[in-house]
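Notes follow once the structure below has been shown.
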């Protein structure tokens, strides 16, 4: 008969070998024995470097290392509480997947900056693994069709997974790009001065000026620039000669031009209520 307990002790690294008796002692105590909390605390403290090491493996992926250590520590506590040394397995063979599972679950549930259905979260992970595997086999990035065949899903689902991947990591426009702290933040590279802003101010000023024009002058401008009529057509419409239409248009446009150039003084009049 194989001595599984001896095999487990040999499988435990030397740095944690001294904790094996504590695991066995913990398993023999009743749930409400006051000694449990003391031994449990010693085990958590002793195996804490394991949780820190696993947290370090997942750092740099959008979650602060301190938070990962905390999550990994919770996984370690779960492993200590559930481990039964009488099964013969080494504690690390049980604890490592337990702690890693806790960290991965935290990434799945908390690392997304926007709410994404769990199906798409898991699809993203599957696509990442499949992409790496197929790229290694073919020495090139796989196509959507190849990924779909490999995962036994449709190409539409592959596209959904890629779209979900875009939501995994949000980028602040007020911070420099990651790894390029010497560069300007994204907010300084987006957009430019809108050349049409000045025309907005001119438009609003022109509206006020047009309201001050006599009725006939407004009609002539409307027919010319909105109705696209010729001077002869305007003359027949208004009942005056073409020469009069020409002189009136020149006079109106010159007055409007001078008024627009004098915008600062007109703006003060409007603000002061003198219009």
If you go through region 89-103, how many residues are over 17 Å from residue 52 (Cβ atoms) and either in the same structural domain as residue 122 (by TED's automatic domain parsing) or touching a residue at least 40 places away in the same chain (Cβ under 8 Å) (or both)? 3
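Looking at 64, 130 in this structure, which one is buried (at least 17 other Cβ atoms within 10 Å of the Cβ), closer than 30 Å to residue 164 by Cα and either without any contact (Cβ under 8 Å) to a residue 24 or more places away in the chain or not assigned by TED's automatic domain parsing to the domain that holds residue 147 (or both)?
On the way: 64 fails: buried (at least 17 other Cβ atoms within 10 Å of the Cβ).
On inspection, the qualifying residue turns out to be 130.
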If we ask which residues in region 42-91 are under 22 Å from residue 107 (Cβ atoms) and in a helix (DSSP H, G or I), their number turns out to be 27
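So, in region 219-244, of the ones that are within 21 Å of residue 206 (Cβ to Cβ) and outside any loop (DSSP other than H, G, I, E, B), which residue ends up nearest to the chain's Cα centre (by Cα)? Write out each step before concluding.
Going through region 219-244, the residues within 21 Å of residue 206 (Cβ to Cβ) turn out to be 219-229, 234.
Next, from what is left, pick out any that are outside any loop (DSSP other than H, G, I, E, B): 219-225, 234.
Details: 219: 54, 220: 55, 221: 51, 222: 50, 223: 52, 224: 52, 225: 48, 234: 59 Å.
Out of the qualifying residues, it is 225.
Which residue, of 95, 164, 145, 135, is surrounded by 12 or more Cβ atoms within 10 Å (Cβ to Cβ), modelled with pLDDT of 80 or more, in a helix (DSSP H, G or I) and touching a helix residue (DSSP H, G or I) at 6+ places or on another chain (Cβ under 9 Å)? Working first, answer last.
Values: 164 fails: modelled with pLDDT of 80 or more; 145 fails: surrounded by 12 or more Cβ atoms within 10 Å (Cβ to Cβ); 135 fails: touching a helix residue (DSSP H, G or I) at 6+ places or on another chain (Cβ under 9 Å).
After applying the criteria, what remains is 95.
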If you check residue 39 against the conditions, is it modelled with pLDDT of 90 or more, touching a helix residue (DSSP H, G or I) at 6+ places or on another chain (Cβ under 7 Å), within 22 Å of residue 106 (Cβ to Cβ) and in a helix (DSSP H, G or I)? no
One residue from 236, 266, 247, 216 being at pLDDT 85 or above and in contact with a helix residue (DSSP H, G or I) (Cβ under 8 Å, 6 or more places away or on another chain): 216
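Determine whether residue 234 is without any contact (Cβ under 8 Å) to a residue 24 or more places away in the chain and closer than 19 Å to residue 253 by Cα. Walk me through it before giving the result.
Numbers: without any contact (Cβ under 8 Å) to a residue 24 or more places away in the chain: yes; closer than 19 Å to residue 253 by Cα: yes.
Yes, satisfied.
The values are calculated or read from the model by the stated rules, or taken from the named source; none is laboratory data. Note that the coordinates shown come from a computational prediction; the quantities given were computed from them, not determined experimentally. Using ideal geometry, Cβ is built from the backbone for each residue, glycine included, and neighbour counts are taken over all protein chains shown.
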